[in-house]
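Report on the structure given below.
We did not get these values from a lab; they are worked out from the coordinates using the rules stated. A quick note: this is a predicted structure, and the numbers were derived from the prediction, not measured. Note: ideal-geometry Cβ built from the backbone for every residue, glycine included; neighbour counts use all protein chains shown.
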Amino acid sequence: MHRSLARLSLALAIWAAPVAAATAQSAQDADTYQIRSQVAEFFAIVARHDIARMEALWQHAPDVAMMTPSQRRPAIGWSAVRAAFESGTFTFWRRFDAAPTDYPLVVFDGDVANALFLVRGVGRNRWGVSVPYLIHVSQRFRKAGDAWLMVGSFAEGGPQ
């Protein structure tokens, strides 16, 4: 009887391991999808100059940060990031049509994730000049409950 229980326990463990791995993979796939959706939403919001919707993507914390190719120094803390959008990105670009060239690569480390991607687009600045560009972007997210909120956006590159 003892051997039968041991065999049954072993069989259940062998069966449960792939199920647990599949469940973990499914959860990570859902997180990857959510982060990729946040990335797409970020660029749609920048195009619309919609600070209220941008606020919903970000964690409002003192350690969030953003740096764009046009900034001379990083914006650190939610108040500074918000100001960088309102008086920087949203005022410099009259029109901003951009999107990742491919699905972002999403790398997880516990409750933090990094999305890495290239952005190709065309912006029309406040002087009406059309500017094509290619930018390397890294966006950082932190899990807050069931949601992934942005805690960093770092971009480098420029006109082509």
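Values as computed for the structure displayed
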quantity	calculated
Per-pair calculated FRET efficiency, R0 = 35 Å: ARG124 and ASP146 via Cβ, rounded to 0.05	0.40
Environment charge at MET67 (Cβ cut-off 13 Å; Lys +1, Arg +1, Asp -1, Glu -1)	+2
Computed lengthening from ARG95 to ALA56, 0.36 nm per intervening residue step minus Cα-Cα distance	11.9 nm
Label-to-label distance, nm, for residues given as GLN34 and VAL131 (7 Å Cα→Cβ offset)	3.5
Most to least packed among 83-92, 120-129 [average Cβ atoms within 10 Å]	83-92, 120-129
Residue-count net charge about ASP102 - beta-carbon cut-off 13 Å; Lys, Arg +1, Asp, Glu -1	+2
Cα→Cβ-extended label distance, 7 Å offset, between GLN71 and GLU86, nm	1.6
